[in-house]
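Presented below is the structure to which this report refers.
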Amino acid sequence: MQFLGNEIPNINIEKAQAVILPVPFDASVCYKPGARFAPERILSASRALELYDEELDSEPFKYGIYTLEPIDVPIDPFTLSKEVEKVVKDIVKLKKLPVLIGGDHSISIGAIRAISDIQKEKGKNFTVLQFDAHTDMRDEYQGSKYSHACVMRRAFDFGASIIQVGIRSLSHEEKIFLDKNGIKPIWAREIYNNYQVAKSQILESIRGPLYITIDLDCLDPSIMPDVGTPEPGGLNWYQLIDILKAVCLKTQILGIDVVELCPNTVASSTEYLAARLIYKILGYIFLSRNSNN
C-alpha cells in the first residue's frame with residue numbers, strides 16, 4: 001500500500017525524494033499494545049488526504065514519496081534494530097529521505113544507529129530532535145536495552161546530541177542521567193506557559209543536521225488519545241507543526257519517524273492525524289530543500 005494511494009502519478013523510487021518504511025512492531029511496549037497495526041492504518045488513512053497544502057500553496061506529493069513494503073519484523077527489538085538499520089542505510093545510499101512509520105518507539109533505534117554511522121563516516125555530527133511525553137532515557141527496561149523506553153539512551157550512546165520537546169513524564173533514574181549529562185528537556189509545561197520562549201530555545205539548540213523522532217504521545221490526549229502511554233498536558237496541533245516548520249526551514253533533516261499510534265477499532269481520527277502530520281512534515285522539508293536549489 002502506497003502513502004497517499006496507488007493512484008498518485010509517478011510513484012517511482014528513483015524519482016522520489018522521500019521513502020517511507022512501515023515497521024509494524026510493538027513487542028517492546030509496556031502498557032497498551034496495538035502499535036503494530038498503525039502503519040497499515042496510517043497508510044490507509046493517507047488516501048483520504050487532500051494533496052494540496054493550503055499553508056504551503058503547493059502539492060508536496062509532486063516531489064516524490066515512495067512507500068516500501070512493510071519490514072518483515074522479528075520477535076525481539078534488538079534484531080529489529082539491525083533490520084531497520086540496514087534498510088535505512090540502503091535508503092540513504094540512494095540519496096533519499098528515510099521516513100519510518102511505527103510501530104512502537106523501539107523502531108527508532110536502528111534508524112538512529114544508521115544515521116549515526118553514516119554521519120561518522122563523513123566526519124560530521126548530528127542531533128536527534130525528539131517530540132515525546134517521555135524521556136525514553138532508561139539504560140535498560142524489562143530486560144532489554146532496545147526497549148521503547150531506552151530509545152534516547154541508545155541515541156546518546158551512538159554519539160548524537162539530543163533535544164527533547166514536550167516531556168512531562170520520567171523516572172528518577174532518568175532525571176539523574178539528564179542532569180549528569182547536561183541534557184535539559186523543553187518541558188511541556190514550558191511550552192504551555194510561554195510558547196514563543198520555548199520555541200526559541202528549541203531553535204537556538206540546533207547546531208547541525210537533525211534526525212526527527214515523533215512519539216505521538218507528545219500531543220495532548222484530547223487530540224491524540226490512541227497512543228501506547230498517553231500523558232495529560234501535551235502539545236496541540238498548531239504548536240507541533242509550527243515548531244516542525246521552523247526546524248525544517250532552519251537545518252537539514254536526515255530522517256524522520258512517527259511512532260506509537262495504537263489505532264482503535266471505532267474512530268479513525270487519530271490515524272488520519274498521523275497521516276496528515278507526515279504529509280505536513282514532508283511538505284516543509286520539500287519546501288526547504290527545493291527553495292535552496
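The values are calculated or read from the model by the stated rules, or taken from the named source; none is laboratory data. Since the model is a prediction, treat every value here as computed from it, not as a measurement. Cβ placement follows ideal geometry from the backbone for every residue including glycine, while neighbour counts extend to all protein chains displayed.
Restricting the stretch 114-151 to residues that are surrounded by fewer than 19 Cβ atoms within 10 Å (Cβ to Cβ) and of a type in the set (S, T, Y), which is nearest to R168 (Cα to Cα)? So that I can check it myself, show each step before the final result.
Filtering the stretch 114-151 for residues surrounded by fewer than 19 Cβ atoms within 10 Å (Cβ to Cβ) gives 117-118, 120-125, 139-145.
Keeping just the survivors that are of a type in the set (S, T, Y) gives 141, 144.
On the way: Y141: 19, S144: 23 Å.
Looking at the filtered set, the residue picked out is Y141.
Within the stretch 39-57, which residues are surrounded by 13 or more Cβ atoms within 10 Å (Cβ to Cβ) and over 17 Å from A274 (Cα atoms)?
If the condition is that a residue be surrounded by 13 or more Cβ atoms within 10 Å (Cβ to Cβ) and over 17 Å from A274 (Cα atoms), then L56 is the only one that fits.
Restricting attention to the stretch 157-174, report how many residues are surrounded by fewer than 17 Cβ atoms within 10 Å (Cβ to Cβ) and either assigned to a strand (DSSP E or B) or in contact (Cβ under 8 Å) with a residue 24 or more places away in the chain (or both). Step through it out loud before you land on a result.
Within the stretch 157-174, the first condition is being surrounded by fewer than 17 Cβ atoms within 10 Å (Cβ to Cβ), and the residues that meet it are 157, 159, 169, 171-173.
Then keep just the ones that are either assigned to a strand (DSSP E or B) or in contact (Cβ under 8 Å) with a residue 24 or more places away in the chain (or both); that gives 159, 169, 171, 173.
Counting residues in the stretch 157-174 that are surrounded by fewer than 17 Cβ atoms within 10 Å (Cβ to Cβ) and either assigned to a strand (DSSP E or B) or in contact (Cβ under 8 Å) with a residue 24 or more places away in the chain (or both) gives 4.
Can you tell me how many residues within the stretch 255-279 are in contact with an Asp or Glu (Cβ under 9 Å, 6 or more places away or on another chain), modelled with pLDDT of 95 or more and surrounded by fewer than 21 Cβ atoms within 10 Å (Cβ to Cβ)?
Result for the stretch 255-279: 1.
On the given criteria, is K15 at pLDDT below 95, among the charged types (D, E, K, R) and either within 30 Å of L249 (Cα to Cα) or in contact with a helix residue (DSSP H, G or I) (Cβ under 8 Å, 6 or more places away or on another chain) (or both)? Spell out the reasoning first.
On the way: at pLDDT below 95: yes; among the charged types (D, E, K, R): yes; either within 30 Å of L249 (Cα to Cα) or in contact with a helix residue (DSSP H, G or I) (Cβ under 8 Å, 6 or more places away or on another chain) (or both): yes.
For K15, the condition - at pLDDT below 95, among the charged types (D, E, K, R) and either within 30 Å of L249 (Cα to Cα) or in contact with a helix residue (DSSP H, G or I) (Cβ under 8 Å, 6 or more places away or on another chain) (or both) - is met.
May I ask you to say which residue of L100, L43, L80 is of a type in the set (A, V, I, L, M) and farther than 23 Å from D226 by Cα?
Working: L100 fails: farther than 23 Å from D226 by Cα; L43 fails: farther than 23 Å from D226 by Cα.
Result of the check over L100, L43, L80: L80.
When residues of the stretch 250-261 are filtered for being farther than 21 Å from L49 by Cβ and touching a helix residue (DSSP H, G or I) at 6+ places or on another chain (Cβ under 7 Å), how many remain?
Step one: of the stretch 250-261, the residues farther than 21 Å from L49 by Cβ are 250-252, 254-255.
Those still in the list that are touching a helix residue (DSSP H, G or I) at 6+ places or on another chain (Cβ under 7 Å) too: 250, 254-255.
Going through the stretch 250-261 one residue at a time, the tally reaches 3.
Given the options P60, P70, P77, name the one that is surrounded by 15 or more Cβ atoms within 10 Å (Cβ to Cβ), modelled with pLDDT under 95 and under 19 Å from the mean Cα position of the chain (by Cα). Show your work before the answer.
Numbers: P60 fails: modelled with pLDDT under 95; P70 fails: modelled with pLDDT under 95.
Exactly one residue qualifies, and that residue is P77.
I'm told G102 meets every condition in (1) on the phi < 0 side of the Ramachandran plot; (2) at pLDDT 95 or above; (3) crowded, with 24+ Cβ neighbours inside 10 Å except one. Can you identify the failing condition by its number?
Going through the list (1) on the phi < 0 side of the Ramachandran plot; (2) at pLDDT 95 or above; (3) crowded, with 24+ Cβ neighbours inside 10 Å, G102 breaks only (2).
Assuming D257 fulfils every condition listed in (1) in a helix (DSSP H, G or I); (2) closer than 15 Å to P39 by Cα; (3) charged (D, E, K, R) apart from one, which condition is it?
The single condition D257 does not satisfy is (1).
Inspect all residues belonging to the stretch 211-232 and state whether any of them is buried (at least 17 other Cβ atoms within 10 Å of the Cβ) and farther than 20 Å from L273 by Cβ. Can you show your working first?
Here is the first cut: in the stretch 211-232, the residues buried (at least 17 other Cβ atoms within 10 Å of the Cβ) are 211-220, 224, 226-231.
Still in the running and farther than 20 Å from L273 by Cβ: 211.
Yes, that holds for at least one residue.
All but one of (1) under 25 Å from S106 (Cα atoms); (2) assigned to a helix (DSSP H, G or I) hold for P232, so report the exception by its number.
Exception for P232: condition (2).
Which residues, taken from the stretch 184-224, are part of a loop (DSSP other than H, G, I, E, B), at pLDDT 95 or above and of a type outside the set (S, T, Y)? Full working, then the answer.
Step one: of the stretch 184-224, the residues part of a loop (DSSP other than H, G, I, E, B) are 184-185, 194, 206-209, 220-224.
Pick out the ones that are also at pLDDT 95 or above and you get 184-185, 194, 206, 209, 220-224.
K184, P185, N194, I206, P209, D220, P221, I223, M224 - these are the residues of the stretch 184-224 that are part of a loop (DSSP other than H, G, I, E, B), at pLDDT 95 or above and of a type outside the set (S, T, Y).
Could you list, in sequence order, all residues of the stretch 240-292 that are aromatic (F, W, Y) and within 15 Å of the chain's Cα centre (by Cα)? It would help to see each step written out before you state the result.
Start the filter on the stretch 240-292 by keeping residues that are aromatic (F, W, Y), which leaves 272, 279, 284, 286.
Result: Y279, Y284.
Please work out which one of (1) modelled with pLDDT of 95 or more; (2) over 27 Å from S269 (Cα atoms) is the condition L43 fails and give its number.
Answer for L43: the failing condition is (2).
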